[in-house]
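Read through the structure below, which is laid out as structure tokens, and then see the notes.
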Amino acid sequence: MKNKLFTILISLLVASCATFTLSKESLVEQLKDNQKVAKTSNALSLGTEYYSNQLQKIKCTAKNGKEVYLYTAKNMNCIITKTSTGKTVNLYFDTVYIKNDTLFGLKSRIMGGKRNVPLNDISKIVIQTETTKFDNVTVSVK
């Protein structure tokens, strides 16, 4: 009985997450143009601070192929697939920033776990979030 409840709970959690994609070039452009890297503190991290990109929204592609502006949230994850190994690196999106030719981010805000991935080693970027506040991208015709 406990196993069934656990399986149902995990299934609901996974099913409730929305995923979005964006190209490496799009992420780099948006971060370089808009990131304001600043130290942020987390009440749960007992006074420790971490660097945050301070982005309010990011342009992504939804599963249906439409471009959207996804509003950022603390629970957003950025899943980077490395070209060299095919392995993924999971980071909190608000901790992701670019310095020189490297993407940096944290695996955990409480424990740290700073990761870095050279930009030329990124093959895929997926944004995963529990909350899905977004605006559709509109194209103005002149």
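The values are calculated or read from the model by the stated rules, or taken from the named source; none is laboratory data. Please read all numbers here as calculations on a predicted model, not as lab measurements. Every residue, glycine among them, receives a Cβ derived from its backbone with ideal geometry; neighbour counts consider all protein chains shown. Keep in mind that these areas ignore ligands, DNA and RNA; they rest on the heavy atoms of the full protein, side chains included. Shrake-Rupley method; radii C 1.70, N 1.55, O 1.52, S 1.80 Å.
So if each residue of separation counts as 0.36 nm, and I subtract the Cα-Cα distance between Lys82 and Tyr69, what length gain in nm does that give? List each step's numbers first, then the result.
On the way: separation 13, 0.36 × 13 = 4.68 nm, distance 2.47 nm.
Full extension of this stretch gives 2.2 nm more.
Starting with the highest mean, order 88-94, 33-39 by the number of other Cβ atoms within 10 Å, averaged over the residues of each peptide.
Working: 88-94: 18.7, 33-39: 11.6.
Packing proxy ranking, top to bottom: 88-94, 33-39.
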Inset, instruction - Can you spot the aspartates and glutamates whose alpha carbon is less than 13 Å from Lys66's alpha carbon? Ignore those fewer than 8 places along the same chain. - result: Asp135
Inset, instruction - Whenever you get a sec, line up Thr95, Thr102 from highest to lowest accessible area (probe 1.4 Å, protein heavy atoms). - result: Thr102, Thr95
Inset, instruction - Using the structure shown, select from Lys32/Lys87; Lys57/Lys99; Lys24/Lys59; Lys39/Lys99; Lys24/Lys87; Lys36/Lys107 the pairs with a Cα to Cα distance greater than 18 angstrom. - result: Lys32/Lys87; Lys57/Lys99; Lys36/Lys107
Inset, instruction - Give the peptides 112-121, 71-80 in descending order of average Cβ contacts within 10 Å, highest first. - result: 71-80, 112-121
